[in-house]
Amino acid sequence: MKIKHITIKNFRSIKQLDFDIPQVCALVGPNNAGKSNILKAIQKVLGKDWLAVSTFDLDDIHARDPELDISISITIDPPIGYRKFKESDIVDVPTLSFEYTRYKVGEKKGQPRLQQQCIVPNGKPPMVPKKAPKKGQKNEYEPLIGIPAEIRESVPLIYIGTNRSLKEQLPSARYSLLRQLFEDINEDFNDSSQIITVQDCNGQEISTSRRKHFQELMSKAMELLKTDKFIQLEKSIKENALRQLGLDPMLDSDKLDLFFSPFDTLDFYKSLELRVKEACFTINATELGEGIQNALVLAILQAFEVQRKQGAILLIEEPEMFLHPQMQRSLYKTLKEIGRTNQVIYTTHSPHFVGIPDYDQVGLVRKNDSGTFVKFSTLPNDERRKEKLLKELDPERNELFFASRILFVEGDTEKLAIPEYARRLGFDLDKAGISVIEVGGKRNLAEFGLMAQSFNIPFGIVYDEDSSDINNKTEEAHYNDELDNFSNNGNCVWRFIKKYEDELKTSVGGDTQYQLLCQKYPNVGKPARARLIAADTETEIPGKIMEIILWLRGNSGAGK
């Protein structure tokens, strides 16, 4: 089961959102853009046993405007099957709709109300039988009112917020990782094939089912719990219940029997606590610090992946919290594996939780005067493109998803030099959210340009006219024209005549002056030398480099 489509109106920072959600979805964007509000909108309406008017308040309404109505519509795939009566046909319910509004007329005018509906493709509630079907009688139908509990409970939503509270993921919590896992364990426990060998009262070994033996042991435990006060309480409740029903406790005691029963197996699993033992001390894991609780929640998440639990919808805020880079990469692999059989929707600020080949799983979350919006790539992600990009896996290149503006360059020389020139001009690229990304060669520039273009991220391209990457000069001339065509809609392209070093030679006064400049920095590689020359305040900043930095600052500049 997965959320296929979501529409959100007037919820917190969101004025209007309407988009499809992929199986694995990374929501990335700056702070306060509204990433968490998307998850909270889903969690608000699907993550509670009972949704009520009190679930929402004024802070949940866009711009805190009480005249606006919140509406959240979620389409599930495959549709949820609902049967009103045991004998009736199953009705498919694809969409759940929630609206927080106010009464418009009458005595309750102005008071908040919550409208919940099941919706079918014609935009209306499904038709269900009025009464249980009977053989030989014609069925009468009526619209399904509200969202029955059976439908809500069939959506297995798991939410992991930034507080990483372990308590919310223990089996006692209805929508939790461990509850999902223990429900499977309980089903396995109660399977008739679960046979064990035990000793009977005579010391003889006999075979019995795990369930039967559990019930026998619990009955013995119950007998132990039955103190005189326990028995008196049970008797008192029974006698008073009989009186309430107009019966005589002495004469009619056989007409109603009341007694306390021990756990069934799932209740037993739900009551389990996770405890940690250090040296001679044992402590409830929920009493540990945030860092350890986070580690335990993520450990449960990884166990969830190992158990191959299927069909859940996981909402996770900032999975990178408290994790060093290697563990971030490891957890990202876990999320991708979980995403094979479950839907995973998460927010992140880490380039370790996105991958260039999986750009179709990334939603860029931004906010403008109209509120939060989400942009997914329009670039088809076919197998050819995915294979081409697989070799470009690099957290630094993944930064493109987080950048407000990008400059794509061929290699390390420009990547190291241009930020130094910017620094000399008093411009901090990192502070401005700008990334200079080397793409591993000239041949990759067009692919990265297409990707940034598909996300509407402003970008520039810097390339050498005469590159060693392409031997066929006719082919290179056509490719140069392809790169130049990216210079539109505010994006810019700069072509270095021959290559970067030639541009630098011209800037410093020719080949001789350039050689003298290089002699100031002996025994270093070409990229490092380019960075040192760029940082040298006695050298002039090349004209094209100045153009590039002005463009990065947001000034207009025409690339050539």
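The chain: Rg/Rh from Cα coordinates, Kirkwood Rh?
Details: Rg = 32.4 Å, Rh = 29.1 Å.
That ratio is 1.11, to two decimals.
Projected onto the charge dipole of the chain (+1 at Lys/Arg Cβ, -1 at Asp/Glu Cβ, origin at the Cα centre), which of Ala132, Thr75, Gly449 gives the Cα projection farthest towards the positive end?
Ala132
Do any trypsin sites (Lys or Arg not before Pro) in segment 456-549 lie in a DSSP loop with no more than 15 other beta carbon atoms within 10 Å, and if so, which?
Those satisfying the criteria are Lys498, Lys520.
Peptides 208-218, 407-417, 154-164: what's the order by average Cβ count within 10 Å, highest mean first? Let's see the in-between values first.
Working: 208-218: 15.1, 407-417: 23.4, 154-164: 18.9.
By packing density, highest mean first, the sequence is 407-417, 154-164, 208-218.
Taking segment 403-552, how much of its Cα-Cα pair set, in percent, is spaced more than 17 angstrom apart?
61 percent
Computed over the Cα atoms of segment 195-266, what is the ratio Rg over Rh, Rh following Kirkwood?
We get a ratio of 1.16 for segment 195-266.
Over the Cα atoms of segment 348-390, what is the Rg over Rh ratio if Rh follows Kirkwood?
On the way: Rg = 12.7 Å, Rh = 11.9 Å.
That ratio equals 1.07.
Tell me what the chain gives for mean residue ellipticity at 222 nm when only DSSP H runs of n ≥ 4 count, each as -39,500 (n - 2.57), the sum divided by the residue total, rounded to 500 deg cm²/dmol. Could the numbers behind the result be given before it?
Numbers: 17 runs with 185 residues, N = 560.
The helix-only estimate for the chain comes to -10000 deg cm²/dmol at 222 nm.
Work out the length of the dipole vector of segment 143-252 about its Cα centre, built from +1 on the beta-carbon of each Lys and Arg and -1 on the beta-carbon of each Asp and Glu, and round it to the nearest 20 debye. Walk me through the intermediate numbers first.
Details: 14 positive and 17 negative charges, 94 e Å.
That gives a dipole near 460 debye.
Plugging the Kirkwood radius over Cα pairs into Stokes-Einstein for segment 273-353, at a temperature of 10 °C and a viscosity of 1.306 mPa s, what D comes out in µm²/s? Could the numbers behind the result be given before it?
Values: Rh = 13.8 Å.
It comes out at roughly 115 µm²/s.
Could you pull the Cα extents of segment 153-290 along its three principal axes, largest to smallest, in whole Å?
60, 45, 41
Name the aspartates and glutamates eligible as straight-distance cross-link partners of Lys35: C-alpha to C-alpha under 13 Å, and not fewer than 8 places from it in the same chain.
Glu317, Glu318
Rounded to whole Å and sorted largest first, what semi-axes of the equivalent ellipsoid does the C-alpha gyration tensor of segment 373-474 yield via the square root of 5 times each eigenvalue?
23, 20, 11
Could you rank the peptides 224-232, 15-23 by their average count of other C-beta atoms within 10 Å per residue, with the highest value first?
Per-residue Cβ counts within 10 Å, averaged per peptide and sorted highest first, yield 15-23, 224-232.
Pairwise over distinct Cα atoms, reciprocal of the mean inverse distance: report the Kirkwood radius of segment 458-506 in Å, one decimal place. Kindly include the intermediate steps, with their values, before the conclusion.
Numbers: mean 1/r = 0.0875 Å⁻¹.
In segment 458-506 this quantity evaluates to 11.4 Å.
Restricting attention to the alpha-carbon atoms of segment 105-158, what are Rg (one decimal) and Dmax (integer), both in Å?
15.8, 48
What is the fewest-to-most order of Thr7, Thr474, Thr372 by other Cβ atoms lying within 10 Å of their Cβ? It would help to have the intermediate numbers written out before the result.
Working: Thr7 16, Thr474 8, Thr372 24.
Fewest to most other Cβ atoms nearby, the residues stand as Thr474, Thr7, Thr372.
State which entries of Lys386/Lys499; Lys40/Lys270; Lys473/Lys499 exceed 21 angstrom in Cα-Cα distance in the structure shown.
Lys386/Lys499; Lys40/Lys270
Please give the per residue volume of the convex hull enclosing the alpha carbon atoms of segment 291-415, rounded to a whole number of Å³.
153 Å³
How much of the DSSP beta bridge set in the chain is antiparallel, as a percent to the nearest 5?
60 percent
About the Cα centre of the chain, what is the dipole size in debye to 20, counting +1 per Lys and Arg Cβ and -1 per Asp and Glu Cβ, all else neutral?
Computed charge dipole of the chain: roughly 1340 debye.
So, with +1 on the Cβ of K and R and -1 on the Cβ of D and E, and no other charges, what is the size of the charge dipole of segment 310-434 about its Cα centre, to the nearest 20 debye?
160 debye
Taking just the alpha-carbon atoms of segment 23-174, what radius of gyration and Dmax come out, in angstrom?
18.4, 63
Jot down the radius of gyration and Dmax of segment 57-135, Cα atoms only, both in angstrom.
In Å, with Rg to one decimal and Dmax whole: 16.7, 55.
Coordinate-derived values only; no laboratory data. Model, not experiment: these values are computed from the prediction. Note that each Cβ is placed from the backbone with ideal geometry, even for glycine, and that neighbours are counted across all protein chains shown.
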